[in-house]
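**Q** Attaching a single structure in structure tokens format; questions to follow.
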Amino acid sequence: MTDFEGTATNGPRLVVISNRVADLRKTTQTGGLAVGLADAVKERGGVWFGWSGRKLKEPGQPKVDRIGKVMQISVALRPEDYAAYYIGYANSVLWPLFHYRLDLVDFRQPFHDGYRRVNEKFAETILPFLKPDDIIWVHDYHLIPLAAELRRRGCRQRIGFFLHIPFPPPDLLAAAPDHDWLVGCLFEYDLIGFQTEADLGNFRRYAKEQAGAMVGKDSSLEAAGHSFRAGAFPIGIDVDHFAEMASRASEEVAIDELRRKVLGRRQIIGVDRLDYSKGLPDRFKAFGRLLEQHPEIHKKVTLLQIAPSSRQEVQSYADIKEELAGLSGSINGRFADFNWTPIRYIQRNVPREKLAALFRASQVGFVTPLRDGMNLVAKEFVAAQDINDPGVLVLSQFAGAAEEMAEALIVNPYDIDDMAENLFRALQMPLKERQRRQKALIARIRKQDARAWLGSFLSALEGLRVTDAAA
Ligand code: ADQ
């Protein structure tokens, strides 16, 4: 136990649980969950619990830190648990499965067992810190069984779950040998949040068709003896903060921009975690096709792709890294000149301030995931633009963000020609049209920003009476 209270500014105390606890002192988080949630939790206060990122043979006691208004509790994992739970079940089963990549799913029983073990351990560790009127908000695919484990230990608090990644159609999900157990675990939450209406629709279809769920009073769902709610809560960013960062001068970026202006050269930018779901090889190919079809723009455009490695222990991640190095090499080899490198490919994390300045200094944001829960980069690109001369967003129809961002140039990320044509269109787009699109997009992402996301999820969860939640 600890003396820290973890103060919340209003309402019941909020306990956030996610696989990793974000480093709240850092401004260069990579990964959408950390970015989206850190700002919100820092402001409201409460408790944040998760894995410390350390692997230890003897994990020992949880570590408790106080950072501003947040009490942060973290635990280490045993190496074998990390391998089975994180590398195995979470990232070799659930991640590919939920991103519609059955070809990459590597289901093994020890992965499933390790996943359950770590969720049990998480439940045991956080239990002594909980107070009866806390509200608990669990995040993402790593922790689907956590509510069930907490309930088994007598926890009656309201528990919500938010899935940051897509929820696949029932037929696809059924390919996982333990799909009924997995979705049954979701039913133990009081509120289940998805990024989009499409994901919510997939979940509701599964619940009704495969698990016999009934629609109860107030459109709640009832299945396997549980009553729960499900909704779409599209995640957003702190638009004003990002816009402000983008407009602050970065000397380094300004010099690079000036150099490009002198050369009459425009920049297309892509920023992603290096992940096969982000559609990077096809993105490079589309840029190659643009150069092939439009020799007149040679030396007039570059693609800046920032993509730091992630999950390197998973083979499919190592494969994509190699594929991209090959592709950028061959496109540059084919088109480059002594004073022009068509693709600049950077495999490092970039501080957020610099990223914001780079977005603002780019004429096209190229965001083409094959499947994505939301994709915050699309929103950050728009937030960073100058309304006097805004850039154009080229966005995949399979990013959750496409549901809200219809004024972007929407492309099919599997169709290289479609992407190449839309890049060309973006580069030619007249100022008036760019401004019209930018105005509509910025208004929408401002309405659905990080604060609105947090507020709408938490008020839906808080709105459930404790007796409903415990029923
Ligand atoms: P991610 O798959 O990590 O998140 P995304 O939503 O694009 O994807 O968020 C990435 C975040 O990391 C952005 O804020 C971006 O600026 C930052 N980032 C990426 N590369 C970086 C780099 N090189 N340096 C610094 N920062 C970098 C998951 C889901 C998404 C969902 C989010 C939030 O896969 O679909 O939108 O969670 O719910």
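Bear in mind that the values in this text are calculations on the coordinates, not laboratory data. Source: prediction; values computed, not measured. Positions of Cβ are generated from backbone atoms using ideal geometry, with glycine treated the same way; all protein chains shown enter the neighbour counts.
**Q** Can you sort Tyr206, Tyr82 so the residue with the fewest Cβ neighbours within 10 Å comes first?
**A** Tyr82, Tyr206
**Q** Then there is this: What is the log10 of I(q)/I(0) for region 298-390, computed with the Debye formula using one identical point scatterer on each Cα and no solvent, at q = 0.13, 0.21 Å⁻¹?
**A** Evaluating at q = 0.13, 0.21 Å⁻¹ gives log10 I(q)/I(0) of -0.56, -1.27.
**Q** To the nearest whole percent, what portion of all C-alpha pairs in region 226-296 is separated by more than 16 angstrom? Kindly include the intermediate steps, with their values, before the conclusion.
**A** Values: 1853 of 2485 pairs.
Of the Cα pairs, 75 percent sit more than 16 Å apart.
**Q** If amide H atoms are built 1.01 Å from N in the plane of the peptide, which residues on other chains or at least 5 residues away come under 5 Å of the amide H of Trp48?
**A** Val16, Met71, Gln72, Ile73
**Q** Near the amide H of Leu393, under 5 Å away, which other amide H atoms are found, from residues 5 or more places off or on another chain, if H is placed in the peptide plane?
**A** Counting only residues 5 or more places away or on other chains, the set is Gly365, Leu409.
**Q** Treating cross-link reach as a plain straight distance, find the lysines whose alpha-carbon is under 29 Å from the alpha-carbon of Lys57, omitting any fewer than eight places away in the same chain.
**A** Correct list for Lys57: Lys26, Lys121.
**Q** Out of the DSSP beta bridges found with both residues in the chain, what percent are antiparallel (nearest 5)? Could the numbers behind the result be given before it?
**A** Working: 11 of 58 bridges.
Around 20 percent of the beta bridges assigned by DSSP in the chain are antiparallel ones.
**Q** Cα extents of the chain along the three principal axes, largest first, in whole Å?
**A** Result for the chain: principal-axis Cα extents of 68, 48, 44 Å.
**Q** I would also like to ask the following. Between region 387-427 and region 153-215, how many Å separate their Cα centres?
**A** So the two Cα centres are separated by 30 Å.
**Q** If packing is taken as the mean number of other Cβ atoms within 10 Å per residue, what is the order of 102-109, 314-321, 43-50, highest first? Show your work: numbers first, answer last.
**A** Working: 102-109: 13.4, 314-321: 16.4, 43-50: 22.0.
Highest-to-lowest ranking by the protection proxy: 43-50, 314-321, 102-109.
**Q** Rounded to the nearest 20 debye, what is the charge dipole size of region 239-447 about its Cα centre when +1 sits on each Lys and Arg Cβ and -1 on each Asp and Glu Cβ?
**A** 520 debye
**Q** Below 8 Å, C-alpha to C-alpha, sequence gap of six or more: please give me the relative contact order for the chain in percent. Walk me through the numbers before you get to the answer.
**A** Values: 898 pairs, mean separation 68.5, N = 471.
Rounded, it is 15 percent for the chain.
**Q** Now for a different question. In square nanometres and to one decimal, what's the mean projected area of the convex hull around the Cα atoms of region 106-199? Provide the component values of the computation, followed by the final result.
**A** Values: hull surface 25.1 nm².
The orientation-averaged projected area of the Cα hull of region 106-199 comes to 6.3 nm².
**Q** Could you check how many percent of all C-alpha pairs in region 181-220 are farther apart than 12 Å?
**A** 64 percent
**Q** Then there is this: Using a 10 Å cut-off around each Cβ, can you sort His179, His294, His164 from fewest to most neighbouring Cβ atoms?
**A** His294, His179, His164
**Q** Sticking with this one: Give me the mean projected area, in nm² to one decimal, of the convex hull enclosing the Cα positions of region 280-330.
**A** Average of the hull's projected areas for region 280-330 equals 3.7 nm².
**Q** What per residue convex hull volume, in Å³, do the alpha-carbon atoms of region 367-471 yield?
**A** With only Cα atoms used, region 367-471 gives 97 Å³ per residue.
**Q** Shifting gears a bit: Give, to the nearest whole percent, the P(r) tail of region 239-447 beyond 23 angstrom, counting all Cα pairs.
**A** Working: 8917 of 21736 pairs.
Of all Cα-Cα pairs in region 239-447, 41 percent lie more than 23 Å apart.
**Q** Using only DSSP helix segments of four residues or longer, with each worth -39500 (n - 2.57), what per-residue ellipticity at 222 nm results for the chain after dividing by its residue count and rounding to 500?
**A** On the way: 17 runs with 190 residues, N = 471.
Mean residue ellipticity, 222 nm, calculated: -12500 deg cm²/dmol.
**Q** Next up: Beyond 26 Å between alpha-carbons counts as too far, so tell me which of Lys42/Lys131; Lys131/Lys379; Lys69/Lys217 fall in that bin. It would help to have the intermediate numbers written out before the result.
**A** On the way: Lys42/Lys131 20 Å; Lys131/Lys379 36 Å; Lys69/Lys217 38 Å.
In this structure, Lys131/Lys379; Lys69/Lys217 exceed 26 Å between Cα atoms.
**Q** Bin width 10 Å, alpha-carbon pairs only: give the P(r) of region 121-175 as whole percents, running from 0 to the bin holding the largest distance.
**A** Values per bin, smallest distances first: 21, 48, 22, 9.
**Q** Separate question: Toward the positive end of the charge dipole of the chain, about the Cα centre and with charges on Cβ (Lys, Arg +1; Asp, Glu -1), which of Ser74, Ile192, Gln109 goes farthest?
**A** Ser74
**Q** Another question, if that's okay. For region 174-286, take the alpha-carbon Rg, divide it by the Kirkwood Rh, and send me Rg/Rh.
**A** 1.21
**Q** To the nearest 20 debye, what is the magnitude of the charge dipole of the chain about its Cα centre, counting +1 on the Cβ of each Lys and Arg and -1 on the Cβ of each Asp and Glu?
**A** Dipole about the Cα centre, nearest 20: 940 debye.
**Q** When the expected Rg is taken as 2.2 N^0.38 Å, what fraction or multiple of it is the alpha-carbon Rg of region 72-161?
**A** 1.15
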